[in-house]
Structures are given as C-alpha cells and as structure tokens.
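Remarks on the structure that follows.
The values are calculated or read from the model by the stated rules, or taken from the named source; none is laboratory data. Source: prediction; values computed, not measured. Here Cβ is always computed from backbone atoms with ideal geometry, including for glycine, and neighbour counts include all displayed protein chains. All accessible areas refer to the heavy atoms of the entire protein, side chains included, with ligands and DNA or RNA removed. Shrake-Rupley method; radii C 1.70, N 1.55, O 1.52, S 1.80 Å.
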Amino acid sequence: MVCIKKRFFNFNRLLLLPFGLWPDKETIFACFQATMLCSLLISSIVFQFSRLFIAECSFDFIVRIFSSTTFFAILTILPLSFWVNIKTIKYLFDQLQYIYDQLKDRNEIAIYDKYGYIGKHFTTIIIIFLVCGLCGNSVIVYWPYILDIVVSKNESYAIHTMQFISEYFNISEKYYFLVLVHLNAACTTGLIVSIAASTMLFSYFKHICGMFEIASYRIEQAMAPELLHNFDVKNRIIICREIICAIDIQRQAMQCAKHLMTTVDDTIFVLILTTVLCMSCNLFRIFQIDSPMEKMEEVLLHLLVVSTVLSTMFLSSYAGQEVTDHSNHVYVITYNVSWYLAPLHIQKLILFLLQRSNKIFVLNVGGLFPASLECFATLLSASMSYFTFMYSMQ
C-alpha cells in the first residue's frame, strides 16, 4: 500500500517534525517542542509591542514597530493554528489516504499522483528558496561578528548593525545583540514552520484538484460513444456505476475542502487582516524614510517583507482559484459529453450532476473573502488604500 505522506509530504515532515508539529503520534516530547516554538514566536511579538509602552512613542515609531510586529504575527498565527488543529490535520491526511486506496483504475491513480507530485515539486522549489534565503541572512547578520574575531581592528565591524537595531527598537546598545539573536531566531523558525505548513496546505488543495479531475475523467468514461451506441444491460450498468462514482468523488473533494476551510476559517480571517495591515505599514515605512540611500538596509528589509507577504497572498489566492477552476471543469466536461444520446433515466443522472456543478464552488473565508485571484486583487487594493490614507495623514 502506498503511503501518501511518505510519497508527497516527506519534505514537509522533515521541516515540521523537529518542532513537534507533524500530524502523527502525539508524544510529550512533541508537545514540548511545539510549546517552545510557540513561546519563542509569541515572545518576539510581546517584546516588540512592549516597546510601545516603555520607549517614548511617536507616530513614526509606532508605524515602525507595527511594520515588524505584524510580520512576526503572520509567522506565528499559522504555526499556532496548526498546533491547535493538529488532530484535524491528521484526520484530513487519513481522508486523502482513504480516497487514494479506493482508486483501482490506473489512469485515476496516475491523475492523483500527477497532482501530488505537482504539490511536492512546488514544496521543493520553495524550500530551496528558503534555504538560500536563510543562508544569506545568516551571513549578513553574523558575518561582522566573525570578522571581529578573525580580523580585529579598532572599530567593530558590527557597529553598523548595533546602531540600526538600537535605533529601530529604541533600546540600549548593550542589549542589542540579545535582541538581534532573539528576533533572528524567531524569524528563522517562524519562516521554516510557516512555509512547511503553507506548502502542505497547498499540496492538500492540489490533491483536491486531482479528485475533481478524476470526477471529470469518470464522466468522460461513462459517456464514451462506444457505450452509448451499444446500449445493452451491461453498458447501462457501467454508465450508471461510473456516473455514481464521479458524483461520489466530487462530493468527497468538496467535503475535504470545506472541512479544512471550516477548521482554519478563523485563523485565515485573522491572517488576512494582519497581512493587509503588514503590507500597508511596510509600504508606508518605505516612503516615510527621509534618506533612503543612507538607510538602505532598512529600505531593503521592508521591501523584503512586502515581497514575501505579497507572494504569500498570491499563492494562497492561486490555490483557491485552482480548486474553483477544477470544480467548474467538471461542469464543462459534463455539459460537453454526448449526454443526449443516453436514455432518459441516464439523462436524469446527468441533469442532477449539472445542477450541482452549476453552483460555483468557492472556498470562502468568513463569508467575506473568497479564495480567488479576484480576492487577491481586492486585498492588494485594500492595502494600497490604507497605505495612501496613512501617507496622506502624516
């Protein structure tokens, strides 16, 4: 028996297992790992927010803190929700495995495998970018301290980093290294876990797209011309069975998608609001800097946050759009087959399928945000609107 976890989600397992978030057997040690991870992420947010109450506040300082805090909040929300709903995630994996085990036709297995490998290849590409980014970050952050040890000179190589951290968070220079290590560790672990969880959800939705594709395939097989032109008792049984199986796997695909969205609905709703706020604050901060060339490191930092958030928003919307498109494809295939050659009772089954498929299947978040490219454009427009409002009010 093929295990889809090992075949399609092995890379996600390698990233999530060290943090106790892999949906497998729950142990005390895994719970301890997840607790430490969430404590690290939450403590980074608490520290940044605490600066608003300790340091002398100004509008510029508040925007600066919110631009970084909202990004860390994005990195915290998904892992925290993943940990809380880990039993549900395990159940959804079991559903994917059950559906895979029910497939007997080689072409249907090939379709399921194709979409599974698409998700796995996407995960591989994102992990490669993640590794390159983390290696580059480590070099940029810690290389000055290595130079201070290897090639000593009167002035420290890390003095520029010290001044940047101290000024950005309004802290004493003697604590800047602790702050740097703390926030860098939280950002690194948050990125690893968030990317592992988000790519897992992306792969899960690709499996759902595969189920819709199998439903389309079964409808085409059921209404094949050779079966309709020679309509005997045997062919009638084959047609009815294939149509029923197509309806069944379409229903299972919808149930799997709805179950996941119901589980993470509140999380994604908060995540969307935080993402819009993060985009607006970081864009505003970029245009708020008086001398961009003198503070190039801060400009690049905010640009990196904006590009990361923007990419995440686009890929999430694209995954939802793919599910909707594959659901609509079932309707197109059903409408285009030679259903008019079938007897009346078969046409009634086709009509039932058409009526169900005619309703556009959309993954909604809180009943307000449909997961689609149109929603991505709406959120991007909202972020730009808030940025424009903040810029006009300064």
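Residues of segment 123-132 that are closer than 14 Å to Ser311 by Cβ and surrounded by 15 or more Cβ atoms within 10 Å (Cβ to Cβ): Ile126, Leu130. Inside segment 332-361, residues that are outside any helix (DSSP H, G or I), surrounded by 17 or more Cβ atoms within 10 Å (Cβ to Cβ) and modelled with pLDDT of 75 or more make up a count of 2. For Met36, the conditions (1) among the aliphatic types (A, V, I, L, M); (2) more than 26 Å from Cys3 (Cα to Cα); (3) surrounded by 14 or more Cβ atoms within 10 Å (Cβ to Cβ); (4) modelled with pLDDT of 85 or more are fulfilled apart from (3).
Selection of segment 302-331 for residues being of a type outside the set (Ser, Thr, Tyr) and crowded, with 19+ Cβ neighbours inside 10 Å yields His302, Val305, Val306, Val309, Met313, Ala319, Gly320, Gln321, Glu322, Val323, His326, Val330. Looking only at residues in segment 369-394 that are farther than 18 Å from Val63 by Cα and in a loop (DSSP other than H, G, I, E, B), the one that is modelled with the lowest pLDDT is Ala371.
Residue by residue, here is whether (1) surrounded by 19 or more Cβ atoms within 10 Å (Cβ to Cβ); (2) more than 30 Å from Ser383 (Cα to Cα) holds:
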| site | (1), (2) |
| --- | --- |
| Phe9 | yes, yes |
| Arg13 | no, yes |
| Phe19 | yes, yes |
| Phe32 | no, yes |
| Phe53 | no, no |
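Residues of segment 21-53 that are more than 16 Å from Leu191 (Cβ to Cβ) and in contact (Cβ under 8 Å) with a residue 40 or more places away in the chain: Pro23, Asp24, Glu26, Ala34, Ser43, Phe47, Gln48, Arg51. Do the conditions hold for Ser280, that is, is it open to solvent by less than 10 Å² (accessible area, probe 1.4 Å), touching a Gly at 6+ places or on another chain (Cβ under 6 Å) and either in a helix (DSSP H, G or I) or not hydroxyl-bearing (Ser, Thr, Tyr) (or both)? Criteria not met by Ser280. For the residues Thr312, Thr324, the requirement of being under 17 Å from the mean Cα position of the chain (by Cα), more than 20 Å from Phe72 (Cβ to Cβ) and in a helix (DSSP H, G or I) singles out Thr324. Within segment 133-154, the set of residues being out of contact with any helix residue (DSSP H, G or I) (no Cβ under 7 Å at 6 or more places or on another chain) and either modelled with pLDDT under 70 or open to solvent by 90 Å² or more (accessible area, probe 1.4 Å) (or both) comprises Ile140, Trp143, Tyr145, Ile146, Leu147, Asp148, Ile149, Val150, Val151, Ser152, Lys153, Asn154. On the phi < 0 side of the Ramachandran plot and buried (at least 18 other Cβ atoms within 10 Å of the Cβ): is that true of Ile249 in this structure? Spelling it out, Ile249 is indeed on the phi < 0 side of the Ramachandran plot and buried (at least 18 other Cβ atoms within 10 Å of the Cβ).
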